[in-house]
1. Filter the stretch 310-321 for residues that are of a type outside the set (A, V, I, L, M) and either free of Cβ contacts under 8 Å to residues at least 24 places away in the same chain or surrounded by 13 or more Cβ atoms within 10 Å (Cβ to Cβ) (or both) and give the result.
2. Exactly one of (1) surrounded by 22 or more Cβ atoms within 10 Å (Cβ to Cβ); (2) aliphatic (A, V, I, L, M); (3) closer than 16 Å to Gly78 by Cβ is unmet by Val176. Its number?
3. When you scan the stretch 136-163, how many residues do you find that are touching a residue at least 60 places away in the same chain (Cβ under 8 Å), more than 18 Å from Phe183 (Cβ to Cβ) and surrounded by 14 or more Cβ atoms within 10 Å (Cβ to Cβ)?
4. Quick check on this structure: which one of Asp287, Asp282, Asp271, Asp238 is surrounded by fewer than 19 Cβ atoms within 10 Å (Cβ to Cβ), closer than 30 Å to His93 by Cα and touching a residue at least 12 places away in the same chain (Cβ under 8 Å)?
5. Regarding Leu136, is this residue out of contact with any Lys or Arg (no Cβ under 7 Å at 6 or more places or on another chain), modelled with pLDDT of 95 or more and not acidic (Asp, Glu)?
6. Could you grab me the full set of residues in the stretch 147-174 that are of a type in the set (Ser, Thr, Tyr) and modelled with pLDDT of 90 or more?
7. Conditions: (1) closer than 30 Å to Ala116 by Cα; (2) assigned to a helix (DSSP H, G or I); (3) touching a helix residue (DSSP H, G or I) at 6+ places or on another chain (Cβ under 8 Å). Glu233 meets all but one. Number of the miss?
Amino acid sequence: MEGDGGPTPAEALEEAGDLPQARLPLGPEGAAGPLGPEGVDAAGCEAEGGRGPRRALRAVYVRSESSQGAADGGPEAGALECLLRACEAEGAHLTSVPFGGLDFGETAVLDAFYDADVAIVDMSDISRQPSLFYHLGVRESFDMANNVILYYDTDADTAQSLKASSGNYYFIPYTVTPCADYFCCESDAQRRASEYMPPNWDTILSPLCIPLVDRFTSLLKDIRVTSCAYYKETLLNDIRKAREKYQGDELAKELTRIKLRMDNIEVLTSDIIINLLLSYRDIQDYDAMVKLVETLEMLPTCDLADQHNIKVHYAFALNRY
């Protein structure tokens, strides 16, 4: 919505809901965004085709104490630098947390790790694997399915074993050339190529393996899409739960709170709007139904108000307005 002078979806829906806008405080490292339930962030959605503001995906990386400052120049520090570059390219918000804090169970570290849209852990140090797998399992129990395992590929058998244990997680083995270039070697052919260190290493490896930065960039793009879809499903579930739990004015207030989280046009889908209209219809809040549809008409790039099923509900509400 930037640059066209029109209201954002949340602002417009907020005006229709007659509630003051909630100003969000800045989070860690300057991040800000309305949080949805279950740790899902509305900021995980990005509008396609420039139809809405670009929203930041929240990523968390578990660092070892040695790679904290990247001064040692070790493989993990280099992989973290590749991740930083990919996050910058994709506009993702990256937070790093110490492994020691996660292992010890520090509240702030656990909250950051469990709440992120995507968690990235490096399991090159075998001694850290049991703890990291445990905490990834906790994330998975929260339906936070975007989890990434990195491994500095120095041993093919260990890499194969780790891949077999990774289950539904993304598994990204990486290697480093003598020229300090980082590559992702996911296939068996790529790993076999990486076992040899000829003088023309980079020339041989480049056609076979993907630069680690590019692999991270592709991963973040895929995760942004799945996070947005998950957030839309969460909104739908919350509307349905509100309809079951509340009635009358309480339901109207709860629906208004839900609308305030719809700050990206990509989550304004017909099924969400229909569920809102049905909820308002159940409590005979025809004024809210009319305002909702007329608010959609105000949004420059939104054509939902022109859909037949929404027009039917709008006409129904107008007749009883």
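The values are calculated or read from the model by the stated rules, or taken from the named source; none is laboratory data. What you see is a predicted model; the values in this text were computed from it and never measured. Using ideal geometry, Cβ is built from the backbone for each residue, glycine included, and neighbour counts are taken over all protein chains shown.
1. Initially, the stretch 310-321 is screened for residues of a type outside the set (A, V, I, L, M), giving 311, 313-314, 316, 319-321.
Scanning the stretch 310-321 gives Lys311, His313, Tyr314, Phe316, Asn319.
2. Checking Val176 against (1) surrounded by 22 or more Cβ atoms within 10 Å (Cβ to Cβ); (2) aliphatic (A, V, I, L, M); (3) closer than 16 Å to Gly78 by Cβ, the one that fails is (1).
3. Here is the first cut: in the stretch 136-163, the residues touching a residue at least 60 places away in the same chain (Cβ under 8 Å) are 142-146, 148, 150, 152.
From what's left, more than 18 Å from Phe183 (Cβ to Cβ): 142-146.
Now narrow it down to the ones that are surrounded by 14 or more Cβ atoms within 10 Å (Cβ to Cβ): 144-146.
Summing the residues that are touching a residue at least 60 places away in the same chain (Cβ under 8 Å), more than 18 Å from Phe183 (Cβ to Cβ) and surrounded by 14 or more Cβ atoms within 10 Å (Cβ to Cβ) in the stretch 136-163 gives 3.
4. On the way: Asp287 fails: closer than 30 Å to His93 by Cα; Asp282 fails: closer than 30 Å to His93 by Cα; Asp238 fails: surrounded by fewer than 19 Cβ atoms within 10 Å (Cβ to Cβ).
Matching residue, one of Asp287, Asp282, Asp271, Asp238: Asp271.
5. On the way: out of contact with any Lys or Arg (no Cβ under 7 Å at 6 or more places or on another chain): yes; modelled with pLDDT of 95 or more: yes; not acidic (Asp, Glu): yes.
Against the criterion (out of contact with any Lys or Arg (no Cβ under 7 Å at 6 or more places or on another chain), modelled with pLDDT of 95 or more and not acidic (Asp, Glu)), Leu136 qualifies.
6. Taking the stretch 147-174 first, the residues of a type in the set (Ser, Thr, Tyr) are 151-152, 154, 158, 161, 165-166, 169-170, 174.
Residues satisfying the conditions are Tyr151, Tyr152, Tyr169, Tyr170, Tyr174.
7. Every listed condition holds for Glu233 apart from (3).
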